[in-house]
Each structure stands twice: as C-alpha cells, then as structure tokens.
1. Which angle between 0 and 90 degrees, to the nearest 10, do you get for helix 138-149 versus the longest principal axis of the chain when only C-alpha atoms count?
2. Once a ≥ b ≥ c are taken as the square roots of the eigenvalues of the Cα gyration tensor of region 349-402, is the result rounded (a/c under 1.5), prolate (a/b larger than b/c) or oblate (a/b not larger than b/c)?
3. State the extension gain, in nm to one decimal, for the chain segment bounded by Ala12 and Val324, taking 0.36 nm per residue of separation less the distance between their alpha-carbons.
4. Tell me the GluC sites (Glu not before Pro) within region 181-232 that lie in a loop according to DSSP and have at most 12 other beta-carbon atoms within 10 Å.
5. Relative contact order for the chain using alpha-carbon pairs under 8 Å, separation at least 6, rounded to a whole percent?
6. So for the chain: antiparallel DSSP bridges make up what percent, rounded to the nearest 5?
7. If each residue of separation counts as 0.36 nm, what is the full-extension length gain between Arg477 and Val34 once their alpha-carbon separation is subtracted?
8. Could you work out how far helix 153-165 tilts from the main Cα principal axis of the chain, as a 0 to 90 degree angle to the nearest 10?
Amino acid sequence: QRVMMAEHDLLAKVTANPKDRRSLFYLAGTYFDVGRYDEAQKWFEKYLAMSDWPHERYQASLLLADCYRRVGKLNEAYKALADATKENWRRAEHLVVLGDISIQMGDLEQAEMWFKQATLKEQPVDPLFVEPDCYKWRAHYGLWNVYIQTGKGELAARHAKLAAQGDCPHIGQLMRWEKNHTKYGDKRIGVILDRGQDDFLKPIIRRWEEEGKQVRIATDEEGAKKLHKWAQVAWLEWGGPLAAFYTKLPKRNRIVARLHGYEVYSGLMRGVNWLAVDDVIFVSQRLRQLGVQHCPVIPEACNVTVIPGGASLERFTIPEDKPVGNKIAMACYLNPRKNLPLALQILAKAPEHELHIVGEWQDGELQEYTLNLIDEMGLTDRVFFYGRVPDLNEWYADNDCYLSCGVRETFHYSLAEAMAAGLKPIIHRWPSYEEFYPDEWSFRTVDEAVGLLQDVGDRTDYRQWIVEHCDEDRMLRRVGRVMRRPTVTIVGTPATRFGQ
C-alpha cells in the first residue's frame, strides 16, 4: 500500500513537472526497490538525461546497471558503469560491479583488473550512497573467485584472508575452500574422545594402525592440549563439550568430526566451533538433516559426508546346525531410550519365549521400575540379565531373535552384529530406521512384534543382508576416502588460515 501511494505521488509530480529531477530519482528508486526493474530502468534513464548532481548521478548509474544485469543486458550494464566512472572515479562501487560483470561475461583477466583497482580505493568520509562492503571485502572476494578459477592458489588464499578480515559474509565458503587446499599430513592421528566411549571407533583405529599410522587418544582437556601439539589430524568422536573445547584452540591440524545421535539430539553440537572443522561425518541422513538445522554453518564451512556404521563379519559367525529356539536377545546400555517396558509387553504376549539381556544399567529409577514390572507381569522366570559378557558372538550363538525396541537409534550396531550372527531382527520403527533396514522386519504394535517372533526363518538371510548393506569394511573404505582429502594443495602452511 505504501509503495502504491509513493508511486501515485511521485508520478503526479513528474507529470506536473517532467524536469523534477528528485522526483524522477525517487520514482526510479521506488520501482527498483520493489523489483520492477524495467520501469526503474526507464525512469533512471530519464533522470540521467537531465540531472547534474554528481553524487546522485553516480548512484543512479549503479542502480541502472543493476537493472540491466537483472534482465540480462550485460553490455548495457557495462556502459552504464563506465558512465559512473566519469561521475566519480574515486569510488570503488562501480569497479566491483564491473568485476562481477566481467566474470559473468567470462573475461577473468578484465575482472582481475577491475577488482584490483577497487582494492586501491579508500572509503569516502561522506556516507552518502556509499556501500562499505565494496571497500571492506567485495573486491577481495572477487579476486579470490578469479584466482580459484585461474588456478592461482596462493593469491586466492591471500585474498580469501583479506575478504574474511573485512567481515565477508561468505567466510564459511572461503574457509572451506582453503581447508580443501591445505594438507597437514595423516600419519599422526589424535582422537578427541568425548564421553570416553570408543565402542564405535575401535574398528577405525584398528584400520589406521594396520596402515602404519600412529594413534593417540585424549579423554579430557589436558590430554586434548597435548594432542593438539602432536597430531596432524584430530578426529573428534562425538561433538560434545570436549569437541567444543578442542575446536576453540588455535588451528594447527586438520579436524574431522563424527557425529552420532547423542550430541545432535541434545543440542551439544552447537558449542563446537564449526569454522575450525574440515570434515563432518554424520552416521545417518536424518542426523545430517537435524544437525544442519542446529548449525546451518556446517554445510557452508565443512565437507559433509554421511557414513553409516558397519558390522564386523569377521567377529560374528553362525554356528553350524544351530537348532531353532525361543530366545530373544537384547544387547545395549540399559537406559530409558532402549524402551525396556515395550520389550516386556511383547514378551508377555509371547508366552513361549524368553528375553535375554546383555548390558549395564545407566538409570537407577528405570532399573527399579523395570524389575518391579517384571514381577508384576509374572515374567520373573522368563527375563534374564547378564551384565557385560566377554564374547558377544558366543552369547548370540545361544539366541534366536534380536529385539530392537529403542525410541531412537541410528545404525544400531548391536542389531547389525546380531544379524551377522544369524539372529532374526525384530525392529521397532524408530525415526529413520528405514535408512538401514527393510520394512519386513519392523513392527509398530506389540501384536506385530509377536507375529514376527513366530518364525525365525533362514539365519543365513540375515547375515547376507549385512554383507550386502552394512559390512564394516564398506564403512572403513568410506572413512578412508575422507581421510585422504585434500588431494589438491596450495603452497604454504595452515598459518594462512584467516588469522586463526
């Protein structure tokens, strides 16, 4: 409504007085602001044909050139900017836009010339129509763009740093480029282990050691400081408080972060300085989606990869001539997320079956509730707890099905390992389960779960599915491809990295 009123008022003024230069200027500007570029172009042209005020003519020429660019008239835009040079050769705005247009026209040599000229201009004291970004970062950002396209890595790195120092909003893009062109070496790997939990990392460490790499682990801030001085690559397992601490240290090694559900769902990953991280590995597509929602800078500043877990086919085997039985297995930390009450409801409706659980209690209240529920439901002689066991493969050999009841899982290692050992999967439909497992083994209700328990099926089918979809070696190969980056490097050291 305000635009319509301004348009009506200004049109009335220029109709009454076609030489009313200020009204022509503001009318053209009004059309430009609302995206009516054809009309803005017409009125800027009329204004420039009669105005004699240099500052306003300079601004009008810039906006007219922008109108031409937006409708694909690059030659006309170029001419309008050349006219702007006549109005005020001391300014940088038109030079920056000439550089941008030259890139659009494919003339990188000319673009370089314009951007270089722009970097020599000082920002005017008079704030009238001045665009500070053209004096702070846009020319350097343009030169960075030119140099990465012409293969001049050192010059690109220099102007990336200058653009970042000028508060360039594309700092994530600039840093990601430099991350992908700076190589630190990969023989000394420091693992920053949040939560002290390395269960999912052991196969990766074994592979690194087989490749002749040195691996050291830190589980606290003092240890992290020592690894910071020693490591060429820092691997952040989990993105919790220790990862947040490490990424705020001065940048001196490549950083690869692998994120699981814990830090994504808890929001702890927000504490990490993602501008310092080179590569981010999410263990599922859903976690990637949620993680980027928490920290939108990640895909701009980091290389992002989704690599699900993998089950060890060497560690798990199917016993020969194993008889069909009625034992249901669960192997997990015993916390509310594992949804033990649902497992008991299923067991209550499957009177021929037993439930065997490996794992340690992590919640005293849940333990009290669960044990009481077992007693109340009359399941005392059909539920068995084992704590930790030394050999899961040996323990799985005496079980038939694996029950996954969790309200939130990702890959669910224990489930995949049980399948490699020939156990039939019975899978509650947690969010994103379908990324990893087929519908035929999943359930929504207790009755559906009980139905799945009735037929163990062919044990080799479950192991073969893991071979084809979730083999540990496939996961390790994908991690290896991440670790081998970058393959193209610039001369110099990481000290060029934006003053970090």
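1. Approximately 60 degrees, to the nearest 10.
2. On the way: a/c = 2.99, a/b = 1.22, b/c = 2.45.
Note, shape of region 349-402 comes out oblate.
3. On the way: separation 312, 0.36 × 312 = 112.32 nm, distance 9.13 nm.
Extra length from Ala12 to Val324 when fully extended: 103.2 nm.
4. Glu211
5. Details: 837 pairs, mean separation 55.7, N = 500.
Computed value for the chain: 11 percent relative contact order.
6. Working: 0 of 41 bridges.
Percentage antiparallel, nearest 5: 0.
7. Numbers: separation 443, 0.36 × 443 = 159.48 nm, distance 5.22 nm.
So the extension gain works out to 154.3 nm.
8. The answer is roughly 80 degrees.
The values are calculated or read from the model by the stated rules, or taken from the named source; none is laboratory data. All of these numbers come straight from a predicted model, not from anything done at the bench. Using ideal geometry, Cβ is built from the backbone for each residue, glycine included, and neighbour counts are taken over all protein chains shown. Ligands, DNA and RNA are stripped out before the accessible areas are found, and what is left, the full protein with its side chains, is counted by its heavy atoms. Shrake-Rupley method; radii C 1.70, N 1.55, O 1.52, S 1.80 Å.
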